[in-house]
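Asks: Provided herewith is a single structure, encoded as structure tokens, for subsequent inquiry.
The values are calculated or read from the model by the stated rules, or taken from the named source; none is laboratory data. Not measured: the values here are computed from a predicted model. Backbone-built Cβ (ideal geometry, glycine too); neighbour counts: all protein chains shown.
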Amino acid sequence: MKKILLSLFLLCFFAAGCQWNRNPDELGRLTKEDPAFKQMMLQRDAAHAQIARIKEDLLSRKKVLDAEVERLRGQYDLYAKAQNRKIEQFRVAIEVNRSRLKGEIELAEASIEKKQAELEGYQKTLVDVVHVLKESKGISLSSQEKKKWEERVLMLNEKIRPLSEEIQDLKLQISLKKQKIGYL
């Protein structure tokens, strides 16, 4: 316990910097009596002058660097704004492409609906014609009439096949455009 108290006293004594005797006359007397102490005081004064110069240099450099940082920050802000405008332009271009593809999909879907309705009409007519040809029990058809009905079946088949192919092609185009949108 005594060691702790002694340590605290010495710490306070040295931390205070021996400020108890700050009398200039006393200092003058001590420096005259002890040349080594006078040398210590001169070194202290030189050290304090060096510390002041170092602090002044640090502060000066800090101000210069702070100004440079502000200048660079301003340049970066201008550059970032310009780059963000470019980014937005690219995003708009991508969105325009997406919208164009979506519009093309909508047109293709509408075309499919129209062609599907047309196809269903042809298929229903074909079924009816085939039914008439097969089930002509009570009706006697001449060979010319039968030939006309068979030609009509061929004509309907020739209309149905390309229409079915167009619908399949449109479905494929829609699928591809949806994939393209996914990549955008």
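Asks: When you look at L107, is it of a type outside the set (S, T, Y) and over 27 Å from the mean Cα position of the chain (by Cα), yes or no?
Replies: yes
Asks: Within the stretch 161-169, can one find any residue that is over 30 Å from G103 (Cα atoms) and not basic (K, R)?
Replies: no
Asks: Same structure, new question: Looking only at the stretch 123-141, decide whether some residue is of a type in the set (D, E) and over 23 Å from the mean Cα position of the chain (by Cα).
Replies: Checked the stretch 123-141: at least one residue is of a type in the set (D, E) and over 23 Å from the mean Cα position of the chain (by Cα).
Asks: Now for a different question. Considering only residues that are among the acidic types (D, E) and surrounded by fewer than 15 Cβ atoms within 10 Å (Cβ to Cβ), look in the stretch 145-178 and name the one that is nearest to the chain's Cα centre (by Cα).
Replies: Looking at residues that are among the acidic types (D, E) and surrounded by fewer than 15 Cβ atoms within 10 Å (Cβ to Cβ), I get D169.
Asks: Among the residues of the stretch 133-148, which ones are assigned to a loop (DSSP other than H, G, I, E, B) and at pLDDT 75 or above?
Replies: none
Asks: Quick check, is I181 under 43 Å from the mean Cα position of the chain (by Cα), surrounded by 13 or more Cβ atoms within 10 Å (Cβ to Cβ) and within 14 Å of E109 (Cα to Cα)? Quick ask: steps written out before the conclusion?
Replies: Working: under 43 Å from the mean Cα position of the chain (by Cα): yes; surrounded by 13 or more Cβ atoms within 10 Å (Cβ to Cβ): yes; within 14 Å of E109 (Cα to Cα): no.
No; evaluated as a whole, the condition is false for this residue.
Asks: Just one of L176, L126, L163, L156 is within 25 Å of I105 (Cβ to Cβ), without any contact (Cβ under 8 Å) to a residue 40 or more places away in the chain and either in a helix (DSSP H, G or I) or not small (G, A, S) (or both); which is it?
Replies: Sole residue among the options that is within 25 Å of I105 (Cβ to Cβ), without any contact (Cβ under 8 Å) to a residue 40 or more places away in the chain and either in a helix (DSSP H, G or I) or not small (G, A, S) (or both): L176.
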